[in-house]
Amino acid sequence: MITMLDKQIDSIEEKIREIIQNDEPLMETYLYLDSIKGIGFVNAVNAIVITQNFTAFKTARDYASYIGVAPHTKTSGTTVRWKPKPRKHCDLTAKADISQAAKIAVVHDVELKRFYERKCNGKDDADTVRKAMNAVKFKLVLRMFAVVKQKHTYRQFTTI
């Protein structure tokens, strides 16, 4: 049963790859996204489909809000304010995929690892780790939109 499902998944992924390879704008966008550490085949295809090849959302924040990564403030009147939190009504599949990408990126990308550690501030409680990981997810979304908008592969800057 599992091997049969694995074969079906492989054949579907192969068909998706053929579609991307036969469409030059999609292939170009896919190559830009694939250059970002943590963003693989599934995340790149999800982003291309959801954003309609990055034409459906004007900004990275709009897309991040759609997948539940961008924090939003909530107020009541002039004095009552709640802490900014991501919305719960979102595309949960895309959010789960970008969450896995963020976990991979924190391990393999030096910049994001430093960013994550700085956000954690040496604390190890679940709330701080969750907020730091959400910040990494948002940064990945920003990188995705930046490489597609600027039409070049991601180049990591090395710092001394």
(message) Cut-off 10 angstrom, C-alpha nodes, Gaussian network model of the chain. Which of Lys37, Lys74, Lys88 fluctuates the most?
(response) Lys74
(request) Kindly provide log₁₀ I(q)/I(0) values, in the same order as q = 0.09, 0.10, 0.16 Å⁻¹, from the Debye equation applied to equal alpha-carbon scatterers of the chain. (result) -0.35, -0.43, -0.98
(message) Defining a contact as two alpha carbons under 8 Å apart and six or more residues distant in sequence, what relative contact order in percent does the chain show?
(response) 25 percent
(message) Nearest 500 deg cm²/dmol is fine: what mean residue ellipticity at 222 nm does the chain get from its DSSP H runs of n ≥ 4 alone, each adding -39,500 (n - 2.57), divided by its residue count?
(response) -20500 deg cm²/dmol
(request) Any chance you could check the Cα centroid distance between region 83-150 and region 22-81 for me, in angstrom? (result) 13 Å
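Restrict the search to region 94-160; then list the trypsin sites (Lys or Arg not before Pro) that DSSP places in a loop and that have at most 13 other Cβ atoms within 10 Å of their Cβ.
Working: sites: Lys95, Lys103, Lys113, Arg114, Arg118, Lys119, Lys123, Arg130, Lys131, Lys137, Lys139, Arg143, Lys149, Lys151, Arg155; in loops: Lys123, Lys151, Arg155.
Those that pass, being in a loop and sparsely packed, are Lys123, Lys151, Arg155.
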(request) Taking the chain as the reference, fit the longest principal axis to its C-alpha atoms, fit the long axis of helix 92-108 to the helix C-alpha atoms, and give the angle between the two in degrees, 0 to 90, nearest 10. (result) 90 degrees
(request) On a 0 to 90° scale, report how tilted helix 126-150 is relative to the longest principal axis of the chain, with both axes built from alpha carbons and the result rounded to the nearest 10. (result) 50 degrees
(message) List the residues, sorted by chain then number, that are 5 or more residues from Ser35 or on another chain and whose placed amide H is less than 5 Å from its amide H.
(response) Tyr154
(request) At 0.36 nm per residue, minus the direct Cα-Cα distance, what do His108 and Ala146 gain on full extension? Give it in nm, one decimal, please. (result) 11.7 nm
(request) Assign unit charges at the C-beta atoms only (+1 for Lys and Arg, -1 for Asp and Glu), then state the dipole size of region 22-150 relative to its Cα centre in Debye, rounded to the nearest 20. (result) 880 debye
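Can you give the FRET efficiency for Thr78 and Asp23, using 1/(1 + (r/R0)^6), R0 = 45 Å, r = Cβ-Cβ distance, to the nearest 0.05?
Calculated transfer efficiency: 0.30.
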(message) Neighbour counts of other C-beta atoms within 10 Å: give me Ser65, Ser11 arranged from fewest to most.
(response) Ser11, Ser65
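No value in this document is a laboratory result; all are computed from the given coordinates. Model, not experiment: these values are computed from the prediction. With ideal geometry, Cβ positions are generated from the backbone for all residues, glycine too; neighbour counts draw on all protein chains shown.
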